[in-house]
Structure formats: C-alpha cells, structure tokens
Amino acid sequence: MSKIRILSEHLANQIAAGEVVERPSSVVKELVENSLDAGADRISVQVEGGGTRLIRVVDNGGGMGGDDVLLSIERHATSKLRDDTGLDDITTLGFRGEALPSIGSVSRLTLLSRPADSPTGTRAEIRFGTLHGVHEAGCARGTIVEVRNLFGNVPARKKFLKSVRTELYHIEEVLRNQSLAHPRTALSLQVDGRVGLELPGRSSLADRVLDVFSGREIWLAINSPAAEPGGPALRGYLLRPGTGSARSSRLRILVNGRPVRDRMIHHAVVEGLRGFLMKGQAPAGVLVLEVAPGQVDVNVHPAKQEIRFRRASEIHRAIVQAVSAALAAHQEEVRSDIFTVESPGARESDRHPQYGFQAVETGEPEPGSPVGGPSRARTHELRPEPGALFPRKSPVTPAPALSPQQRDDEPVRDVSRTPPESAAEYGSLRVIGQFADLYILCEQEGALVVIDQHAAHERILYQQLVRGYMQRDVPSQALLFPLTLELDRRRAETMEEQGEELALLGFGMDHFGDTTWVVKEVPALIAGVDVRELVLETLDRLADGSGREQTGALPSRIEHLLATMACKAAVRAGNRLAPAEILALLARMDESDVFSHCPHGRPVVRIFSRTEIARWFKRI
Ligand code: ADP
Ligand code: MG
C-alpha cells in the first residue's frame, strides 16, 4: 500500500488557513476585499474582543444567490477566475477562492447574502469546517459575514496573537490602507460597540489622505500619468519627513488598488528623494501605482501582500522620475512662496495649504493688527536682555537699559553698515539682518522668513557642481602656488586608477614620480578651501565608493563627493555677511534650480506666518 495519501478537504482548508488567516486582521482584509470585489460602496466592520470573539463585515455589494453561498465556502471556488489564462490578467482583489473556506475551517462562520434580483436571502453556517444548515432568510441587499470564535479550534495560533490593542491596530491598518486604495468607498469600524474609524466616501485621493493622515502636512504631490497605454501611472502624496507618529510615518504602497509591501518601490521613492531626505529619514505617505494587470504577478504570496513586476526596472525608473518631477514642481512652489511679490495678506490665508512650505494656518490676521509693528511690540513686550537679538533701530526702544558691557557684544557697527531699508531688499523680501552669524532673517508680506545661510549656499554650490559634472564641464582655477602632495600607497593607487574622475571633478594634477603628485588646478567654485585636505578626502571617497554604483543619473559616491566639496566651500556658520552678500545669496537661491534643502536633506528655509508668531505671544 502506498504511503502517500491525499489530504481531506478539511485538513487542506486548515493548512491553507495557516497561510491566509494569520490573525484577526487577515480575516478583516479578506472579507473587506470580497466586499470591494462585490462592488460595495459602503462597508462596515464590527469587531469584539480584538477580533477573536466577533468580526462582522456588512456590505451593500452585489450579494450571492443560494447556490453561490454554498459554493463560496468550497475550496478553490471563485467567481473571479474564468479559465486557465485568467491568472495573467487579474483585476479583482481576490482570485484564489481560498479565503472563505479557510476562515470557515478555523471559526464559526455565518454568511447571509441577497443579490438585488432576489426577494429573499440565504443564510449558511460553518462551524470549524463543517456545514451546519443552509436556509432562506430575509436580509438587505448585499452580504453580511460573521466570524465568531476565531482560532477556537487552533489554540496554538491563538497563543501567538498579541494584545487586543495590537490586533485592533492591525485591523485599523487594513482599513486605512483599503480606504486609500478605494477613496470612494465609505468604510467604518466599530470596536466593542464604539466608533473606531469613520471614513466616509471621498471624491479624491487627496481628501482621503487628509482623513488617514490627519494633522500631517502634504509635502509633495506626485502625478505622472502613463506615458503609453498600459504603462505605469503614478499618483500619490508624500508627507513632510521626520514628523508624525509611526503610523503616519510609513509609505503605503498601492498597486492596482491592492495594498502591498514592495522593497523595489520603496527604494525607488527613496532614490527619487535623494538629497531631500536626511540620513535615517524614510519617506511617508501614499503612492498609487496603476499598471496593466498583465504586468504584475499577484499570485506570489498566499495573503497577496507581495507582488512581482514583469518589468521591474521600468517601474523603478518611472517612480524615480515621477518623484523627481514632483520635487521640481515643489521647488517652484517654494520659490514663488519666497521670492514672488504678492498681494498683502495672501500669505496668511495660505495659497497652497497642502503643498505649502509652512505649517497649515487657518487663522485670519486681525486687520490692522499691531503684530509686526516693531515699535509697539518692543516697547511693551520686550525687555532688553543680554544677548538681545538685533541692534535696535527704533528710537522708541529704551536703549539705556543696555549696560555698556552688553553693548560690546552687540554688533553696534552693523547698524551703520546696514543701508537704508529700501536697499536691503530682494524681490518681496526685506532683509532684517543676520542672527547668530548663521541665519538670515527677512520679512515678507508680514511673514518671517529664516534662511540657513550655510545650507543655502551649500545647495547652490552643489547644484552648480552637479551641473558641471554632468556636462563634463567643471571650471577649474589654477593655483597660484601648485601644491605638492606626498600620498600614501592606498591613495596613490586611487589616484592612478581614478585620475580621470578627478579631472572630471575639476582637479588638475601632475604625476611627479612614485607617490608624489602636484595639484595645479582645483574646481573654481570651491577655490579658497584647504586644497590638501580636499584632495585627500576626495581620494578617500573615490576609493570607498567604488563598486557601489547606483542606477541614478549621478553615481552616489560622486554625489557624496560633490556634496562634500560644496559643504567645504559654502559660507559657514559664524561668517558675518555684509548686506550686499546677503542679497547676492538670495539672488543665487532664486536662480538655483533647487534650493529648498541642502544636499544632505536639511531644510534651507522656514517661514513663520504672522499668525503663527502672534500665537507665540498669545495675541490670538
Ligand atoms: P476569492 O475572493 O478569491 O474569489 P473567497 O473565498 O474570498 O475567494 O470568496 C469566494 C467567492 O464568494 C467569491 O469569488 C465571490 O463570488 C463570493 N463572495 C465572497 N464574499 C462576497 C461578498 N461579500 N459579496 C458577494 N460575493 C462574495
Ligand atoms: Mg476573497
């Protein structure tokens, strides 16, 4: 007699359940997917006991007739795949025909369903894999699925469940993800009789994003329609990095309406954001990818949470491009926020609340509000203190309060150096001055604009270096006194192997013999830095980075190098800038194609609206 036996249906279902039904949230996911596939636009979920006591999903979808109710709980029974070629062209969330029988094998499952064209519904119950009665029953159009005592017959699985709170969190996550994938569908969650989530049907993804990430600012709007029919189309919203809770700090990825985990997509988004994310920061928000169904294999994961692309590199490229394009558009918005003259008061009402650079402000300024009227604010509210921020210009200020000693610390000379106000202006920006020899303070339409001078200059130089490098045209400048360098073995080797790379970067070097080299030219943009240190560091970076090429336009080691060069050459913290220098920096920011973040992802500009500042002082 043979040793191999075919497993019973019952056992096969339990084994499938092991993969498909990992925890209560997996049940919610499968049931909600079924409701969505049935065309429901209103789905309500009720759970008790973290989902182990009860999960009930009620939908207003197409429903099932009596025969279908019975078939639906059979293994490998589905209405969503027709023939053998169907797997290549899946447009529904389900297709495996496994969810209901799997869930039914590890719980008490009740189905109650009625299609629109039938006067009565059907009710069926399965208890831990065995059918217990089917009969007619009255019900509204649609389907109600109840799952009780989940894992009642698999104590081992039950033991692996986490706290009720954790399981509820996973359930909420399922609903949040599905709500982003299907903004038009109203979704609600009741937990032990109380409202857990209320996500009404929305007409746009943007509105849904505000529901799901409430209180978070949208930073980038991504919108890249398919270049050709069936090609990848991308939409999405990325949130300002580095703020918010763990939940909202994740990137949610939706492919053809299906929430998935995908490292390639995640990587592509990070790649597209290069130079705009700080070390350790991850992108957050939602990315929606639509691609011809034939281009993805959704049948690679039992719970369908992972997928595989037939042309992954094409998708990767499309995402990098879409994110970069969104960044470029954002750059122009920041530019117009800062440099464009606008009608008074426009700032306060926030022209781009969702993409704007500043925190979303809703308050209206009081007309004629004294906030920003310097003399009154100062006389009444600011006591002169040691280390007061600005040389005082207003005659109303009680100057005598400053002791002579404190006066020494104050850059008194600067008052006279500051030209009349009309002179220190760039576009709509009026330069107030410099703070801590690092931040440039400007006033614009009643808003306070603060610029990190080092970060700003760094980005400007970096953009110039990148452009020069890409066009193979980094201008060099001859050194007045060529510098002789005695290199160690390792660096000398790098020099010999990658001398060409150095030439592209704008260095002119002669081999003098053995390990000695003479530096005759350096990149003109960074003239004035310690040449020796720069060459040595450049060599080290070139040596480090070799072999770790990336796919982007600029190899990452070159990118790092250029960032280092820009950093070394940029005005530092502690550099006092003359008004003319400040104006020159502002003008160069305005001209630079990118300026909002330094090459390491730190922000360059912050804008504080008048309303926001008034709030600091409890004026509103
Ligand atoms: P799959 O979704 O992979 O087809 P399921 O086991 O989840 O497999 O469901 C089996 C079938 O039952 C579905 O193909 C569908 O025809 C039917 N069905 C399940 N849930 C619903 C529902 N809420 N409304 C209408 N039909 C449903
Ligand atoms: Mg299903």
Among the residues of region 4-16, is there at least one that is at pLDDT 95 or above, of a type outside the set (D, E, K, R), surrounded by fewer than 24 Cβ atoms within 10 Å (Cβ to Cβ) and part of a helix (DSSP H, G or I)? no
Hey, among 164, 174, 209, 191, which residue is farther than 30 Å from residue 332 by Cβ and at pLDDT below 95? 164
When residues of region 585-599 are filtered for being surrounded by 18 or more Cβ atoms within 10 Å (Cβ to Cβ) and either assigned to a loop (DSSP other than H, G, I, E, B) or within 24 Å of the chain's Cα centre (by Cα) (or both), how many remain? 7
Let me spell it out: the conditions are (1) over 30 Å from the mean Cα position of the chain (by Cα); (2) not in a helix (DSSP H, G or I), and residue 441 meets all of them except one. Which number is the exception? (1)
Restrict the check to region 103-116 and report whether at least one residue is touching a helix residue (DSSP H, G or I) at 6+ places or on another chain (Cβ under 7 Å), in a helix (DSSP H, G or I), closer than 22 Å to residue 169 by Cβ and not aromatic (Phe, Trp, Tyr). yes
I need a count of the residues in region 303-317 that are over 17 Å from the mean Cα position of the chain (by Cα) and not in a loop (DSSP other than H, G, I, E, B). 7
Can you tell me which residues in region 280-312 are exposed (fewer than 14 other Cβ atoms within 10 Å of the Cβ), among the small types (Gly, Ala, Ser) and within 23 Å of residue 87 (Cβ to Cβ)? 294
Does residue 519 satisfy being modelled with pLDDT of 80 or more and surrounded by 15 or more Cβ atoms within 10 Å (Cβ to Cβ)? yes
Pick from region 57-89, criterion of a type in the set (Val, Ile, Thr) and under 25 Å from residue 119 (Cα atoms), ranking: farthest from ligand 2 (Cβ to nearest atom): 58
Of all residues in region 107-123, how many are in contact (Cβ under 8 Å) with a residue 40 or more places away in the chain, of a type in the set (A, V, I, L, M) and either more than 27 Å from residue 157 (Cβ to Cβ) or more than 16 Å from ligand 2 (Cβ to nearest atom) (or both)? 1
Quick one: residue 171 ticks every box in (1) crowded, with 18+ Cβ neighbours inside 10 Å; (2) within 16 Å of ligand 1 (Cβ to nearest atom); (3) more than 20 Å from the chain's Cα centre (by Cα) bar one, so which box is it? (2)
With respect to residue 277, determine if the residue is modelled with pLDDT under 95 and within 12 Å of the chain's Cα centre (by Cα). yes
For region 565-584, how many residues meet the condition of being part of a helix (DSSP H, G or I) and within 20 Å of residue 523 (Cα to Cα)? 5
Only one residue in 320, 300, 270, 288 is assigned to a strand (DSSP E or B) and among the β-branched types (Val, Ile, Thr). Which one? 288
What number of residues in region 74-97 are closer than 26 Å to residue 8 by Cα, within 11 Å of ligand 1 (Cβ to nearest atom) and either crowded, with 17+ Cβ neighbours inside 10 Å or basic (Lys, Arg) (or both)? 8
What are the residues in region 17-45 that are among the small types (Gly, Ala, Ser) and either buried (at least 22 other Cβ atoms within 10 Å of the Cβ) or within 13 Å of ligand 2 (Cβ to nearest atom) (or both), if any? 17, 25, 26, 35, 38, 40
Go through (1) outside any helix (DSSP H, G or I); (2) away from ligand 2 (no atom under 15 Å from the Cβ) and name the single condition residue 95 misses. (2)
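So which strands (runs of 3 or more DSSP E) stay within region 458-549 end to end and still have 3 or more residues that are within 27 Å of residue 593 (Cβ to Cβ)?
Details: elements: 476-486, 508-513, 516-523.
The qualifying strands (runs of 3 or more DSSP E) are 516-523.
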Residue under question is residue 137, and the condition is that it be within 15 Å of ligand 1 (Cβ to nearest atom), more than 42 Å from the chain's Cα centre (by Cα) and over 30 Å from residue 307 (Cβ atoms); does it hold? no
Working carefully through the options 163, 179, find the one that is over 16 Å from the mean Cα position of the chain (by Cα), crowded, with 22+ Cβ neighbours inside 10 Å and among the hydroxyl-bearing types (Ser, Thr, Tyr). 179
If a residue must be more than 22 Å from residue 8 (Cβ to Cβ) and assigned to a strand (DSSP E or B), how many such residues does region 123-146 contain? 9
When you scan region 56-73, how many residues do you find that are more than 8 Å from ligand 1 (Cβ to nearest atom) and part of a loop (DSSP other than H, G, I, E, B)? 2
Is it the case that region 48-63 has a residue that's at pLDDT 95 or above and over 26 Å from residue 170 (Cβ atoms)? yes
Any idea which of (1) surrounded by fewer than 16 Cβ atoms within 10 Å (Cβ to Cβ); (2) more than 16 Å from ligand 2 (Cβ to nearest atom); (3) of a type outside the set (Ser, Thr, Tyr) is the one residue 50 doesn't satisfy? (1)
Note on region 298-309: residues at pLDDT 90 or above and in contact with a helix residue (DSSP H, G or I) (Cβ under 9 Å, 6 or more places away or on another chain) are 309
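The values are calculated or read from the model by the stated rules, or taken from the named source; none is laboratory data. These numbers were taken from a predicted model, which means no experiment stands behind them. Heads up, the Cβs are rebuilt from the backbone with ideal geometry, glycines too, and the neighbour counts pull from every protein chain shown.
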